[in-house]
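Novice: This is the structure I have questions about; it appears just below.
The values are calculated or read from the model by the stated rules, or taken from the named source; none is laboratory data. Remember, predicted model here, so these are calculated numbers, not experimental data. Virtual Cβ from ideal backbone geometry, glycine too; neighbours counted across all protein chains shown. With ligands, DNA and RNA removed, areas are computed over all heavy atoms of the protein, side chains included. Shrake-Rupley method; radii C 1.70, N 1.55, O 1.52, S 1.80 Å.
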Amino acid sequence: MTTTAARPMTARLGYVDNLRILLTVLVLAHHSALTYGALPMWYWAEPSESLSGLALMAFVVANQLWFMGFFFLLSGLFVPGSVDRKGPGAFARDRIVRLGIPLVVFWLVARPVLSLPTWPARQAQGESFLTFWFTAGDPGPMWFVEVLLVVSLGYAAFRALRARSAARRGVLSGAADGVVLPQAEARPVTFRLIAGLVAVLTLVTFVWRLAVPLGTYWAGVGLPTPAYLPQYVLLFVVGLLAARRGWLTTLTVRQGRVALIVAIVGVGPALGVSALASAPDAGVLALVAQSLLENVVAVGAALGLLVLFRERFSGRPAWARFAAQHSFAVYVIHPLVLVGVAVLLSPLVAPAGVKFLLLLALSVPLCWGVAYLLRRVPGVARVL
């Protein structure tokens with residue numbers, strides 16, 4: 001008989017790391033789909049308006065509903081404990097090293113390399129190569145690292161201010177230059193709490209998109225999807241709270257099953273409403289429905305996968321430990337690998353769906369192989 005009781009957190013790192021592996025592979029699939037989808041939205045694109053090209057774009061839009069928000073939630077899970085151990089100051093310095101250095105290196109090296117196909121046109125307009133090198137393109141998928149750095153430093157600042165306030169009142173003492181917050185007793189997650197989270201996300205998303213509609217691009221900071229910022233930030237906060245309050249251990253199997261079914265069923269309506277809401281004459285009701293369905297899918301997928309992996313995929317075989325250890329490096333270097341392989345495949349004449357599968361099949365092991373070799377370079381593993 002299936003129980004609805006949650007297991008203790010003994011396998012937390014196993015299933016959370018396994019989820020990070022899954023999401024990293026999904027990022028590669030997402031950008032492989034952009035390579036051959038109907039719209040040219042990647043560094044190297046071979047757009048196809050065929051049925052498979054349109055299907056790849058639908059896959060991209062469906063991913064966008066939830067998977068980066070889930071990345072932020074998983075990232076938030078590890079932050080409170082890290083601040084507890086190191087203190088806010090040391091944590092902030094570590095985040096600047098671990099996130100800031102890859103961001104700067106990607107901006108200075110990988111970004112212009114990935115933009116080289118645009119160099120002949122810019123040269124024809126009289127632009128110097130030096131100007132091209134420092135202005136071409138944007139940070140691409142490293143926007144995630146950029147936003148994660150900002151919200152992580154924001155939490156560190158919050159903890160530092162709280163520590164100073166506590167020190168003045170003399171009510172708390174902590175390690176290093178911070179304060180160790182007490183671990184709250186694990187609290188049960190109720191369907192009412194989940195519905196409340198969806199409601200808050202929906203309201204904030206709707207209000208935000210009155211000023212920042214879907215399709216907005218913030219070129220100055222290289223942020224391609226600022227319309228989803230409320231989801232990213234609030235799910236990061238949910239990760240912080242889940243770690244502190246033990247929510248992952250109290251999610252029941254029934255809640256996870258219901259959440260995952262709702263997410264899967266909700267994808268189709270979410271895509272349909274998104275198409276309606278993107279029309280120039282879209283009314284307020286369509287925008288509210290769009291915000292609601294997006295966040296139903298996002299929260300449902302996150303909760304459902306957390307429970308599924310906790311119950312079924314919490315083991316850590318050698319290959320999973322290796323993959324988890326190198327997953328961040330894979331995230332950083334994958335655009336270079338994907339574009340390189342796509343260029344090699346460009347002479348191949350095949351349907352967009354076939355080329356997508358071939359690109360993904362070749363790039364996944366290659367990315368982990370390159371990440372392994374890169375992390376063998378002295379000092380690199382400290383950052384990646």
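Novice: Given a cut-off of under 8 Å on Cα pairs at least six residues apart, what relative contact order in percent is computed for the chain?
Specialist: Contact order relative to length: 29 percent.
Novice: Can you give the angle from 0 to 90° between the axis of helix 253-277 and the longest principal axis of the chain, with both taken from C-alpha atoms, to the nearest 10?
Specialist: It is inclined by approximately 40 degrees.
Novice: Sticking with the crude label model, points 7 Å out along Cα→Cβ, report the distance from M41 to V150 in nm, one decimal please.
Specialist: Computed distance between label sites M41 and V150 equals 2.0 nm.
Novice: For W119, tell me the accessible area in Å² from a 1.4 Å probe, rounded to the nearest 10.
Specialist: 40 Å²
Novice: For R85 and A166, compute 0.36 nm times the residue count separating them, minus their Cα-Cα distance, and round to one decimal in nm.
Specialist: 27.4 nm
Novice: For S50 and V380 in one chain, what is 0.36 nm times their gap in residues minus the Cα-Cα distance, to one decimal in nm?
Specialist: Numbers: separation 330, 0.36 × 330 = 118.80 nm, distance 4.23 nm.
Roughly 114.6 nm would be gained on extension.
Novice: Order the peptides 29-37, 231-239, 342-350, 75-83 from the highest to the lowest mean number of other Cβ atoms within 10 Å of their residues.
Specialist: Listed from highest to lowest mean packing, they are 29-37, 231-239, 75-83, 342-350.
Novice: Now for a different question. Just subtract the alpha-carbon distance of Y217 and Q123 from 0.36 nm times their residue separation and send over the number in nm, one decimal.
Specialist: On the way: separation 94, 0.36 × 94 = 33.84 nm, distance 2.52 nm.
Contour length minus Cα-Cα distance gives 31.3 nm.
Novice: Please work out the FRET efficiency for the pair A350 and W133, using the Cβ-Cβ distance as r and a Förster radius of 41 Å; give the result to the nearest 0.05.
Specialist: Efficiency, rounded to the nearest 0.05: 0.75.
Novice: Considering only protein heavy atoms and a 1.4 Å probe, what is the carbon-and-sulfur percentage of the accessible area of the chain?
Specialist: Carbon with sulfur: 71 percent of the solvent-accessible area.
Novice: If we count every other residue with Cβ under 15 angstrom of F72's Cβ, Lys/Arg +1 and Asp/Glu -1, where does the sum land?
Specialist: Here the count lands on 0.
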